[in-house]
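The values are calculated or read from the model by the stated rules, or taken from the named source; none is laboratory data. Quick caveat: nothing in here was measured; it's all calculated off a predicted structure. Cβ: placed from backbone, ideal geometry, glycine included. Neighbour counts: every protein chain shown.
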Amino acid sequence: MTAGERMWLWSQPLVAVLAGLAGIVSWYWQLTGDLSALPTLQSLITGSFVLPGLALSLIINHVAVSLRRPPMLTVGEKLLLIVEFALVIAIVAISSSPDLLFLGYLLWPLLIAAAATAFATMVSTTIRSRRGASTDDDGVDDDERAPAPAEQVAPSR
(Lines give C-alpha, C1' and ligand atoms only; values in the text may rest on other atoms or scores of the structure.)
Protein backbone atom coordinates (compact mmCIF):
# COMPACT_ATOMS: atom_id res chain seq x y z
CA MET A 1 0.00 0.00 0.00
CA THR A 2 1.35 3.40 -0.96
CA ALA A 3 1.70 6.37 1.36
CA GLY A 4 -1.11 8.10 -0.50
CA GLU A 5 -3.44 5.16 0.04
CA ARG A 6 -2.52 5.10 3.73
CA MET A 7 -3.32 8.82 3.92
CA TRP A 8 -6.75 8.21 2.42
CA LEU A 9 -7.37 5.25 4.71
CA TRP A 10 -6.46 7.19 7.86
CA SER A 11 -8.15 10.47 6.85
CA GLN A 12 -11.51 9.17 8.05
CA PRO A 13 -10.48 8.35 11.63
CA LEU A 14 -8.46 11.58 11.84
CA VAL A 15 -11.43 13.74 10.84
CA ALA A 16 -13.67 11.58 13.07
CA VAL A 17 -11.47 12.26 16.10
CA LEU A 18 -11.45 16.00 15.39
CA ALA A 19 -15.24 16.09 14.88
CA GLY A 20 -15.80 13.95 17.97
CA LEU A 21 -13.61 16.18 20.12
CA ALA A 22 -15.42 19.27 18.83
CA GLY A 23 -18.73 17.64 19.72
CA ILE A 24 -17.53 16.73 23.22
CA VAL A 25 -16.31 20.29 23.79
CA SER A 26 -19.66 21.62 22.56
CA TRP A 27 -21.54 19.32 24.96
CA TYR A 28 -19.23 20.37 27.81
CA TRP A 29 -19.90 24.06 27.14
CA GLN A 30 -23.61 23.39 27.14
CA LEU A 31 -23.48 21.45 30.40
CA THR A 32 -21.45 24.17 32.11
CA GLY A 33 -23.68 26.93 30.72
CA ASP A 34 -20.79 28.60 28.88
CA LEU A 35 -22.49 29.27 25.56
CA SER A 36 -20.27 32.19 24.64
CA ALA A 37 -18.20 29.91 22.40
CA LEU A 38 -21.41 28.76 20.69
CA PRO A 39 -22.83 32.18 19.77
CA THR A 40 -25.40 31.05 17.21
CA LEU A 41 -28.07 28.42 16.91
CA GLN A 42 -26.17 27.06 13.93
CA SER A 43 -22.95 26.57 15.92
CA LEU A 44 -24.95 24.90 18.69
CA ILE A 45 -26.58 22.44 16.27
CA THR A 46 -23.34 21.83 14.39
CA GLY A 47 -21.39 21.15 17.58
CA SER A 48 -24.08 19.10 19.30
CA PHE A 49 -25.38 16.94 16.49
CA VAL A 50 -23.70 17.35 13.11
CA LEU A 51 -20.06 16.84 14.13
CA PRO A 52 -20.69 13.90 16.52
CA GLY A 53 -22.87 12.24 13.86
CA LEU A 54 -20.14 12.74 11.29
CA ALA A 55 -17.57 11.24 13.67
CA LEU A 56 -19.70 8.14 14.16
CA SER A 57 -20.28 7.80 10.41
CA LEU A 58 -16.58 8.10 9.56
CA ILE A 59 -15.58 5.53 12.19
CA ILE A 60 -18.12 3.03 10.83
CA ASN A 61 -16.83 3.68 7.30
CA HIS A 62 -13.25 3.13 8.43
CA VAL A 63 -14.13 -0.17 10.06
CA ALA A 64 -15.91 -1.30 6.89
CA VAL A 65 -12.93 -0.40 4.70
CA SER A 66 -10.52 -2.06 7.15
CA LEU A 67 -12.25 -5.38 6.49
CA ARG A 68 -11.07 -5.32 2.88
CA ARG A 69 -7.91 -6.99 1.68
CA PRO A 70 -6.12 -4.73 0.88
CA PRO A 71 -7.92 -1.97 2.80
CA MET A 72 -8.06 0.66 0.06
CA LEU A 73 -10.68 3.19 -1.02
CA THR A 74 -12.07 3.28 -4.52
CA VAL A 75 -11.95 6.46 -6.60
CA GLY A 76 -15.66 7.02 -6.04
CA GLU A 77 -15.25 6.67 -2.28
CA LYS A 78 -12.41 9.18 -2.31
CA LEU A 79 -14.61 11.63 -4.21
CA LEU A 80 -17.39 11.17 -1.66
CA LEU A 81 -14.92 11.87 1.15
CA ILE A 82 -13.74 15.03 -0.60
CA VAL A 83 -17.36 16.20 -0.84
CA GLU A 84 -17.95 15.34 2.84
CA PHE A 85 -14.80 17.12 4.01
CA ALA A 86 -15.58 20.20 1.89
CA LEU A 87 -19.11 20.36 3.32
CA VAL A 88 -17.78 20.06 6.88
CA ILE A 89 -15.30 22.87 6.30
CA ALA A 90 -18.06 25.05 4.84
CA ILE A 91 -20.46 24.29 7.70
CA VAL A 92 -17.87 25.00 10.38
CA ALA A 93 -16.80 28.20 8.60
CA ILE A 94 -20.34 29.62 8.49
CA SER A 95 -21.47 28.36 11.92
CA SER A 96 -20.49 31.51 13.78
CA SER A 97 -22.54 33.80 11.53
CA PRO A 98 -26.20 34.20 12.48
CA ASP A 99 -26.89 35.66 9.03
CA LEU A 100 -25.92 32.39 7.33
CA LEU A 101 -28.30 30.12 9.25
CA PHE A 102 -30.33 29.43 6.10
CA LEU A 103 -27.18 28.24 4.35
CA GLY A 104 -26.57 25.86 7.25
CA TYR A 105 -30.08 24.49 6.79
CA LEU A 106 -29.14 23.75 3.19
CA LEU A 107 -25.70 22.27 3.90
CA TRP A 108 -26.64 19.98 6.81
CA PRO A 109 -28.89 17.73 4.67
CA LEU A 110 -26.26 17.68 1.94
CA LEU A 111 -23.66 16.49 4.45
CA ILE A 112 -26.04 13.85 5.77
CA ALA A 113 -26.76 12.66 2.21
CA ALA A 114 -23.04 12.55 1.38
CA ALA A 115 -22.27 10.64 4.58
CA ALA A 116 -25.10 8.16 3.96
CA THR A 117 -23.99 7.66 0.37
CA ALA A 118 -20.37 7.14 1.45
CA PHE A 119 -21.50 4.64 4.09
CA ALA A 120 -23.64 2.67 1.63
CA THR A 121 -20.90 2.70 -0.99
CA MET A 122 -18.11 1.62 1.36
CA VAL A 123 -20.14 -1.13 3.01
CA SER A 124 -21.44 -2.52 -0.28
CA THR A 125 -17.97 -2.42 -1.86
CA THR A 126 -16.56 -4.22 1.17
CA ILE A 127 -19.28 -6.87 1.05
CA ARG A 128 -18.69 -7.44 -2.67
CA SER A 129 -14.93 -7.65 -2.18
CA ARG A 130 -15.32 -10.11 0.70
CA ARG A 131 -17.71 -12.28 -1.30
CA GLY A 132 -15.33 -12.22 -4.24
CA ALA A 133 -12.44 -13.23 -2.01
CA SER A 134 -14.39 -16.11 -0.48
CA THR A 135 -15.46 -17.55 -3.84
CA ASP A 136 -11.96 -17.16 -5.26
CA ASP A 137 -10.42 -18.94 -2.28
CA ASP A 138 -12.51 -22.08 -1.96
CA GLY A 139 -9.54 -24.39 -1.51
CA VAL A 140 -9.39 -25.77 -5.04
CA ASP A 141 -6.70 -24.68 -7.46
CA ASP A 142 -7.90 -23.46 -10.82
CA ASP A 143 -5.70 -26.10 -12.50
CA GLU A 144 -7.43 -28.90 -10.60
CA ARG A 145 -10.93 -27.93 -11.62
CA ALA A 146 -12.66 -30.15 -14.15
CA PRO A 147 -13.03 -28.46 -17.50
CA ALA A 148 -16.51 -27.36 -18.43
CA PRO A 149 -18.18 -29.61 -20.98
CA ALA A 150 -17.83 -28.31 -24.49
CA GLU A 151 -20.95 -27.09 -26.18
CA GLN A 152 -22.32 -29.62 -28.58
CA VAL A 153 -22.90 -28.16 -31.98
CA ALA A 154 -25.33 -29.84 -34.30
CA PRO A 155 -23.70 -30.78 -37.59
CA SER A 156 -24.74 -28.54 -40.45
CA ARG A 157 -26.56 -30.17 -43.33
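Listed values, structure above:
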quantity: Criterion violated by LEU73 - all others in (1) hydrophobic (A, V, I, L, M, F, W, C); (2) more than 21 Å from PRO109 (Cβ to Cβ); (3) surrounded by fewer than 21 Cβ atoms within 10 Å (Cβ to Cβ) satisfied; calculated: (3)
quantity: Hits in segment 82-115 - residues which are modelled with pLDDT of 95 or more and among the aromatic types (Phe, Trp, Tyr); calculated: PHE85
quantity: Residue match in segment 78-95 (condition: surrounded by 14 or more Cβ atoms within 10 Å (Cβ to Cβ) and not in a helix (DSSP H, G or I)); calculated: yes
quantity: Any hit, segment 49-67, residues being over 14 Å from ALA118 (Cβ atoms), free of Cβ contacts under 8 Å to residues at least 12 places away in the same chain, of a type in the set (Val, Ile, Thr) and assigned to a helix (DSSP H, G or I); calculated: no
quantity: Qualifying residues in segment 15-47 (those that are free of Cβ contacts under 8 Å to residues at least 24 places away in the same chain and of a type in the set (Gly, Ala, Ser)) - the one nearest to ILE89 (Cα to Cα); calculated: ALA37
quantity: Some residue of segment 17-37 being within 18 Å of ALA114 (Cβ to Cβ) and out of contact with any helix residue (DSSP H, G or I) (no Cβ under 7 Å at 6 or more places or on another chain); calculated: yes
quantity: Single condition MET72 does not satisfy, out of (1) in a helix (DSSP H, G or I); (2) of a type in the set (A, V, I, L, M, F, W, C); (3) within 30 Å of ARG130 (Cα to Cα); calculated: (1)
quantity: Checking SER96 against (1) free of Cβ contacts under 8 Å to residues at least 40 places away in the same chain; (2) within 29 Å of LEU31 (Cβ to Cβ), the condition it does not meet; calculated: (1)
quantity: Extreme residue, surrounded by the most Cβ atoms within 10 Å (Cβ to Cβ), among residues of segment 1-38 that are closer than 30 Å to PRO71 by Cβ and in contact with a Phe, Trp or Tyr (Cβ under 9 Å, 6 or more places away or on another chain); calculated: GLY23
quantity: LEU100 surrounded by 13 or more Cβ atoms within 10 Å (Cβ to Cβ) and within 16 Å of TRP10 (Cα to Cα); calculated: no
quantity: Close pairs from segment 104-118: first farther than 16 Å from ALA93 by Cα, partner β-branched (Val, Ile, Thr) and at pLDDT 95 or above, Cβ under 6 Å, at least 6 apart; calculated: ALA114/VAL83
quantity: Looking only at segment 96-125, and only at residues there that are in a helix (DSSP H, G or I) and of a type in the set (S, T, N, Q), the one that is nearest to ALA22 (Cα to Cα); calculated: THR117
quantity: Output for segment 78-95, where each listed residue is among the charged types (D, E, K, R) and over 14 Å from ALA19 (Cβ atoms); calculated: LYS78
quantity: Residue check, SER66 farther than 30 Å from SER43 by Cα and at pLDDT below 85; calculated: no
quantity: Residue in segment 43-53 that is surrounded by 14 or more Cβ atoms within 10 Å (Cβ to Cβ), closer than 30 Å to SER134 by Cα and hydroxyl-bearing (Ser, Thr, Tyr) present; calculated: no
